[in-house]
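This report concerns only the one structure given below.
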Amino acid sequence: MTMSTSPLSPKNLIFKTNNTDEKIYVREQHGVFQQIRRSLAFVLIALFILIPFIQYDNRQAIYIDLVQQQMHIFAFTLFPQDLVIFSLLLIFSAFLLFYLTHLYGRIWCGFTCPQTIWMLLFNWVERRIEGTHHQSKALDKQALNLNKLAKKTVKHAIWLSISLLTALVFISYFVPVNELYYPFFTYTLSSTATYWVVFFAVCTYINAGWIKEKMCQHMCPYSRFQSVMFDQSTKLVTYDATRGEKRGKRKRSQEKPAGLGDCVDCDLCVQVCPVGIDIRNGLQYECINCGLCVDACNSTMTKFNYKPGLIAFTAQQLNNSNIKKHISYGVAVILTLIAMMVWAVSWQSYDVNILRDRQALYNINHAGKVENTYLFKIRNKSASQKRYEITLTGLHNINIVGGSIVTIQPNALKVISITLESLQPQPKRVNNFSFNIKDTQSNTMITKESAFYSRNDG
Ligand code: SF4
Ligand code: SF4
């Protein structure tokens, strides 16, 4: 096994360290980083559950309507043609994640990734039911008996309940909460929605209960390319081998034996590691920078009256940060943010599409006047009924036939035919005039250019 005294260099990453196919019995650990993660997990889970319950304008504030192909975010209703904002959001999140990884390694994985949060939640349940990691291991080795059966049944029942709740919460972003929870528990939910709840419940149960850290190690692509974002200024969880070696066991009351470093070889850093690695072997791609081994080692150092920080978040060279990288990431994040703000400011609560009548360039009506017909597709993207007024700019002696006011229901698309009639018998062709479609409530206006054809054309 490789041992490195300068473990932060990406080329020192170890790509296979131990037999990770064996079940890992994670020891519970308290400490600063555990507390930070638990607090973060609590806030994130609470937000995940509660956000769908927020109401806005008599409907769920955040809700994805797959049937209508709409996404509601408070006052915004987004349609497939608004997908640019999602692309921007994804680009923004990706750059932010890359920048955070450059600064602090895989802290997304260790502190906020749903896989880690649910995996550690399931571990927490396991420790409550089966006892310590040693007791849990011993239980697994026992032949089937009543005690084992009872504990395993309770644990899996709780895991399944958490999985079911997780799936229901996830689906509540796609099915309104008032049409989901009660119908689900009274067996009146549609079979399609029920199928997806059960599907996601099974996925959660398998991922967090069985696959666990193997998802991070073998399936998540992020773990594979993270090292390209590290440099010598990246703060990673590392073991100070210079201080810790030569490792060796000793008594707490005893003075440090000559020739030994600060590592008392208590093995706690290995026992608490959710991905089952020994950080003393150097930087390994499995490490999710969760800091549990830091908490474990600091508790040991305190017991032995040694300085904490034998395992810590450290950078190989604090002042060796590549300023160009900071600027590149910063500029990318800020530019994407500006693009998102521009999109939000220029967003209109309605869309207009105008097509000319494809059957004829113009018509002569019963009074002998020239007419042009246009197909209007107006989408009201707001949550309230809207009235739109259509006016013309750049046309003389040409009028709209019939009404010029259109009323459209919330989130609805209306297709209407608008006919323009010339008041003169021989009008000239007009290549460039404008339709103005004004929202009569907000007075916002969308202008679309078009052309008017006459007898002399075509
Ligand atoms: S080595 Fe430490 S920081 Fe890395 S995953 Fe294991 S416990 Fe977490
Ligand atoms: S927890 Fe610290 S002292 Fe104990 S084995 Fe790990 S590095 Fe050594």
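No value in this document is a laboratory result; all are computed from the given coordinates. Given the structure is predicted, the values throughout are model-derived calculations rather than measurements. Cβ coordinates were reconstructed from backbone atoms using ideal geometry, including for glycine residues, and neighbour counts include every protein chain displayed.
Looking at the stretch 274-340, what % of the alpha carbon pairs are farther apart than 19 Å?
Beyond 19 Å sits 57 percent of the P(r) for the stretch 274-340.
Along each of the three principal axes of the Cα atoms of the stretch 350-452, give the extent in whole Å, ordering the values from largest to smallest.
For the stretch 350-452, the Cα spread along each principal axis is 45, 24, 20 Å.
For the chain, which longest stretch is free of loop sites, where a loop site is one of the GluC sites (Glu not before Pro) that DSSP puts outside H, G, I, E and B and that has at most 15 other Cβ atoms within 10 Å?
Working: sites that count: GLU22, GLU255.
With GluC sites (Glu not before Pro) excluded where exposed in loops, the chain gives 23-254 as its longest stretch.
Measure off 7 Å from each Cα along the Cα-to-Cβ vector at THR419 and THR194, then give the distance between these two points in nanometres to one decimal.
Using points 7 Å along Cα→Cβ, the separation is 5.3 nm.
How much length is gained if the chain between LYS256 and VAL401 is pulled fully straight, taking 0.36 nm per residue apart and subtracting their Cα-Cα distance, in nm to one decimal? Mind showing how you got there, number by number?
Values: separation 145, 0.36 × 145 = 52.20 nm, distance 9.78 nm.
Difference between extended and current length: 42.4 nm.
Hey, got a sec? Which trypsin sites (Lys or Arg not before Pro) in the stretch 190-289 land in a DSSP loop and have at most 12 other Cβ atoms within 10 Å? Before the final figure, lay out each step's value.
Numbers: sites: LYS212, LYS214, ARG224, LYS235, ARG243, LYS246, ARG247, LYS249, ARG250, LYS251, ARG252, ARG280; in loops: LYS212, LYS235, LYS246, ARG247, LYS249, ARG250, LYS251, ARG252.
In loop regions of the stretch 190-289 (DSSP not H, G, I, E or B), the sparsely surrounded trypsin sites (Lys or Arg not before Pro) are LYS246, LYS249, LYS251, ARG252.
Per 0.36 nm of contour for each residue apart, how much would the distance between GLN69 and LEU355 grow if the chain were fully extended, relative to their Cα-Cα spacing?
Working: separation 286, 0.36 × 286 = 102.96 nm, distance 2.27 nm.
Full-extension gain reported as 100.7 nm.
log₁₀ I(q)/I(0) of the stretch 58-139 at q = 0.18, 0.20, 0.22 Å⁻¹, via Debye over equal Cα point scatterers, no solvent, to two decimals?
Debye output, listed in q order: -0.90, -0.95, -1.00.
Where does helix 323-346 land angle-wise versus the long Cα axis of the chain, in degrees 0 to 90, nearest 10?
40
All other residues with a Cβ under 14 Å from the Cβ of ALA241 taken together, and with Lys, Arg as +1 and Asp, Glu as -1, what is their net charge?
Result for the local shell: -1.
As a test of the formula, what do you get for the chain when each DSSP H run with n ≥ 4 contributes -39,500 (n - 2.57) and the sum is divided by the residue count, at 222 nm and rounded to the nearest 500 deg cm²/dmol? Write down the numbers at each step before the final one.
Numbers: 12 runs with 162 residues, N = 458.
Result for the chain: -11500 deg cm²/dmol, rounded to the nearest 500.
Return the loop-located chymotrypsin sites (Phe, Trp or Tyr not before Pro) in the stretch 45-124 (DSSP other than H, G, I, E, B) with at most 14 other Cβ atoms within 10 Å of their own Cβ; answer none if there are none.
Details: sites: PHE48, PHE53, TYR56, TYR63, PHE74, PHE76, PHE86, PHE92, PHE95, PHE98, TYR99, TYR104, TRP108, PHE111, TRP118, PHE122, TRP124; in loops: PHE74.
Those that pass, being in a loop and sparsely packed, are PHE74.
Once the Cβ-Cβ distance between ILE364 and ASN432 is put in as r, and R0 is 25 Å, what FRET efficiency do you end up with, to the nearest 0.05? Could you put the intermediate results ahead of the total?
Numbers: r = 23 Å, r/R0 = 0.93.
Result of the calculation: an efficiency of 0.60.
For each of VAL125, VAL202, VAL228, count neighbouring Cβ atoms within 10 Å of the residue's Cβ, then give the residues from fewest to most. Mind showing how you got there, number by number?
Working: VAL125 19, VAL202 14, VAL228 11.
In increasing order of surrounding Cβ atoms, one gets VAL228, VAL202, VAL125.
Out of all Cα-Cα pairs in the chain, roughly what percent, to the nearest whole number, are more than 43 Å apart?
On the way: 41182 of 104653 pairs.
It works out to 39 percent of all Cα pairs.
Helix 146-171 against the longest principal axis of the chain: what's the angle in degrees, Cα atoms only, rounded to the nearest 10?
The helix 146-171 is inclined about 30 degrees to the chain.
Taking R0 as 45 Å, what's the FRET efficiency between THR447 and PHE48 from their Cβ-Cβ distance, rounded to 0.05? Before the final figure, lay out each step's value.
On the way: r = 42 Å, r/R0 = 0.94.
With R0 = 45 Å, the Cβ-Cβ based efficiency is 0.60.
At a threshold of 8 angstrom on Cα-Cα distance, excluding pairs fewer than six apart, so keeping six or more, what relative contact order does the chain reach in percent?
Answer for the chain is 17 percent.
Using the alpha-carbon centroid of each, what span in Å lies between the stretch 379-458 and the stretch 159-205?
The stretch 379-458 and the stretch 159-205 have Cα centres spaced 46 Å from each other.
Give me ILE408, ILE279, ILE158 ranked fewest to most by other Cβ atoms within 10 Å of their Cβ, as a rough exposure proxy.
ILE158, ILE408, ILE279
If the chain between LYS325 and ALA138 were fully stretched, how many nm would it gain, using 0.36 nm times the residue separation less the Cα-Cα distance?
Details: separation 187, 0.36 × 187 = 67.32 nm, distance 4.96 nm.
So the extension gain works out to 62.4 nm.
Kindly list the residues of the stretch 55-97 that lie in the label zone of ALA339, defined by a backbone N under 19 Å from the point 7 Å along the Cα-to-C-beta vector.
Taking a point 7 Å out along Cα→Cβ of ALA339, the residues of the stretch 55-97 whose backbone N falls under 19 Å are 79-97.
Using a Förster distance of 30 angstrom, determine the FRET efficiency expected from the C-beta separation of THR393 and GLU179, and round it to 0.05.
Given R0 = 30 Å and the Cβ-Cβ separation, E is 0.05.
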